[in-house]
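Accompanying notes for the structure given below.
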Amino acid sequence: MSLRPRQRQAIEDIRAAYRSGRKAPILCAATGFGKTHTSAQIIRSALDRGRTVWFLAHLREILDDTAKRLRSVEIPFGEIAAGKAREYHRRVQVVSVQTAVRRNDLPKPDLVIVDECHLAVATTYKKVLGKIGNPMLLGLTGTPCRLDGRGLGELFDEIIPTCSTGTLINEGLLAPIKYFAPYRPNLASFRTYRGDYKQSDAEAEMDSSKITGDVIEHYQKHCDGKRAVAFCTTVKHAEHVAEEFRAAGYKAVAISGESKTAERTAALTGLRSGELQVVCNAQLWVAGVDVPEIECIVLLRPSKSLTFYLQSIGRGLRTAPGKTHLTVLDHSGCIFDHGSPEVERKWSLEGRRKEGVTPVRQCPACFCAHPPAPVCPECGYRYPLTDRDVPEEIDDELEEVDLRQAEVAWNKRQEQIAKKAEQGRARTLEQLIELGRSRGYKHPVGWARKIMASRHF
């Protein structure tokens, strides 16, 4: 089982944490890092040492994806889930937390890998872990804090960082992001419930024909016919948005935490195959959805939760053949509260400390939201000078602000991102060699082999 250098380093860091006396570290890694693949290697190593392992999660989609990955690397396992045979003799179990909490005959593993562990402080998880003797843990998540911003220190004892979303985008392992923020709702009157906006208040603001019409208009303009997931406030809101998409001629459905398993599976299958273009969801799919073909994320749910924001966008960041970028249509104003999804963030077991939000500029012409720059990277709109842009006089000498230099730097950055995306779409060694030749590299074969080795699974 091959690993990329960062994945090998992550495993070494996890081992070092256990050797130092830690019992429950968290591997913090962004979407696209390959947490499931890395955990499969950890499971294999544990088996070689004669240990038993659980992979514990709350979503059927996560459990199915993990089972598929374990089969692909020929690791035998049992499943503790509704409708599955009880094969407790297997040393590896893929476990539904909802099923495990109802059983009293559970085997006791040596190690439990908890996926999306920012949810593991819930009472259901604690009951399950208590039943099996509170074994050693390994948490997996890209956002190690609860949805309400509180920390995970009551269950875990160390956070092991890896790399940011922006780093993986630069390396061509995730899709570049085009971000549009056409609407910023008035949140002043929203009440708060469990650390986030009360969704009934959000529904009253967001579920209007005006906003939904704007959503469809911007989808038609930027992503016409491409596969999209819309995050809505309530079940009723999701159903209404899906209805409006269908009225506009698109193949759309609504799902939620109330949907039957068959409906959720059909939505995933439809997105993967292209039979569906838009899935509108509520109370679901913030994690565990692995459909690389998703090219558009629509944010229609205002949220105070950085975890919700990053996890939602993460559903569309994976690369796929023919996919050049992910488009985010943010009608909820989340980027103004939380900043760009690409920036490096500092996490703590004590919870999120309020940090300054990274500056975001909104183009008045096309609504592109982007880091500060003199020119919009999407439409070329040139921002007028403001008082902050006026050169400052120091010691009677005028210091000139070189806008052209700033623009050149921005354009260079965009070119680098485009090159990384092109590199990420080259999946085989032969494709990389051809790309190297087209760029005029002196040693395209050696360059291609180096790139392939750095990301090879």
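The values are calculated or read from the model by the stated rules, or taken from the named source; none is laboratory data. As the structure is a computational prediction, the values presented were derived from the model and not from experiment. With ideal geometry, Cβ positions are generated from the backbone for all residues, glycine too; neighbour counts draw on all protein chains shown.
Condition first: surrounded by fewer than 16 Cβ atoms within 10 Å (Cβ to Cβ) and without any contact (Cβ under 8 Å) to a residue 24 or more places away in the chain. Now tell me which residues in segment 46-64 satisfy that. Result: Asp48, Arg49, Gly50. Kindly check whether there is at least one residue in segment 85-102 that is in contact with a helix residue (DSSP H, G or I) (Cβ under 9 Å, 6 or more places away or on another chain), part of a helix (DSSP H, G or I) and crowded, with 20+ Cβ neighbours inside 10 Å. Yes, segment 85-102 contains at least one residue that is in contact with a helix residue (DSSP H, G or I) (Cβ under 9 Å, 6 or more places away or on another chain), part of a helix (DSSP H, G or I) and crowded, with 20+ Cβ neighbours inside 10 Å. Here segment 65-84 is the region considered, the condition is being among the hydrophobic types (A, V, I, L, M, F, W, C) and outside any helix (DSSP H, G or I), and the residue that is surrounded by the fewest Cβ atoms within 10 Å (Cβ to Cβ) is Ala82. If we scan segment 271-290, do we find a residue that is under 23 Å from Arg194 (Cβ atoms), assigned to a helix (DSSP H, G or I) and assigned by TED's automatic domain parsing to the domain that holds Ser189? No: segment 271-290 contains no residue that is under 23 Å from Arg194 (Cβ atoms), assigned to a helix (DSSP H, G or I) and assigned by TED's automatic domain parsing to the domain that holds Ser189.
Within segment 424-443, the set of residues being part of a loop (DSSP other than H, G, I, E, B) and either in the same structural domain as Leu326 (by TED's automatic domain parsing) or within 30 Å of the chain's Cα centre (by Cα) (or both) comprises Ala426, Arg427, Thr428.
Restricting segment 5-45 to residues that are within 20 Å of the chain's Cα centre (by Cα) and of a type in the set (Ser, Thr, Tyr), the residue that is surrounded by the fewest Cβ atoms within 10 Å (Cβ to Cβ) is Thr36.
Go over the candidates Lys236, Lys178 one by one and state the one that is assigned to a strand (DSSP E or B), touching an Asp or Glu at 6+ places or on another chain (Cβ under 9 Å) and basic (Lys, Arg). If you could, list the steps in order and put the result at the bottom.
Details: Lys236 fails: assigned to a strand (DSSP E or B).
The conditions single out Lys178.
Please verify whether segment 316-332 includes one or more residues that are surrounded by fewer than 23 Cβ atoms within 10 Å (Cβ to Cβ), among the charged types (D, E, K, R), touching an Asp or Glu at 6+ places or on another chain (Cβ under 9 Å) and touching a residue at least 24 places away in the same chain (Cβ under 8 Å). Yes: segment 316-332 contains one or more residues that are surrounded by fewer than 23 Cβ atoms within 10 Å (Cβ to Cβ), among the charged types (D, E, K, R), touching an Asp or Glu at 6+ places or on another chain (Cβ under 9 Å) and touching a residue at least 24 places away in the same chain (Cβ under 8 Å).
On the given criteria, is Gln41 closer than 28 Å to Pro176 by Cβ and either assigned by TED's automatic domain parsing to the domain that holds Leu111 or part of a helix (DSSP H, G or I) (or both)? Explain how you work it out, then say what you get.
Working: closer than 28 Å to Pro176 by Cβ: no; either assigned by TED's automatic domain parsing to the domain that holds Leu111 or part of a helix (DSSP H, G or I) (or both): yes.
Answer is no for this residue.
Could you check, for segment 239-252, whether at least one of its residues is charged (D, E, K, R) and touching a residue at least 60 places away in the same chain (Cβ under 8 Å)? Taking every residue of segment 239-252 in turn, none turns out to be charged (D, E, K, R) and touching a residue at least 60 places away in the same chain (Cβ under 8 Å).
Taken together, Val94, Val128 contain a single residue that is of a type in the set (A, V, I, L, M), free of Cβ contacts under 8 Å to residues at least 60 places away in the same chain and under 25 Å from Val289 (Cβ atoms), which is Val94. Please determine whether any residue of segment 182-199 is assigned to a loop (DSSP other than H, G, I, E, B) and either acidic (Asp, Glu) or modelled with pLDDT of 90 or more (or both). So far as segment 182-199 goes, no, none of its residues is assigned to a loop (DSSP other than H, G, I, E, B) and either acidic (Asp, Glu) or modelled with pLDDT of 90 or more (or both). Tell me which residues, restricted to segment 175-222, are in contact (Cβ under 8 Å) with a residue 40 or more places away in the chain and exposed (fewer than 15 other Cβ atoms within 10 Å of the Cβ). The answer is Thr192, Arg194, Gly195.
Among the numbered criteria (1) within 21 Å of the chain's Cα centre (by Cα); (2) more than 14 Å from Arg315 (Cα to Cα); (3) of a type in the set (D, E, K, R), which one does Glu258 miss? Going through the list (1) within 21 Å of the chain's Cα centre (by Cα); (2) more than 14 Å from Arg315 (Cα to Cα); (3) of a type in the set (D, E, K, R), Glu258 breaks only (1).
Among residues belonging to segment 239-254 that are in a helix (DSSP H, G or I) and among the aliphatic types (A, V, I, L, M), point out the one that is surrounded by the most Cβ atoms within 10 Å (Cβ to Cβ). Lay out the reasoning, then the answer.
Residues of segment 239-254 in a helix (DSSP H, G or I): 239-247.
Still in the running and among the aliphatic types (A, V, I, L, M): 241-242, 247.
Numbers: Val241: 27, Ala242: 22, Ala247: 11.
Checking each candidate, the answer is Val241.
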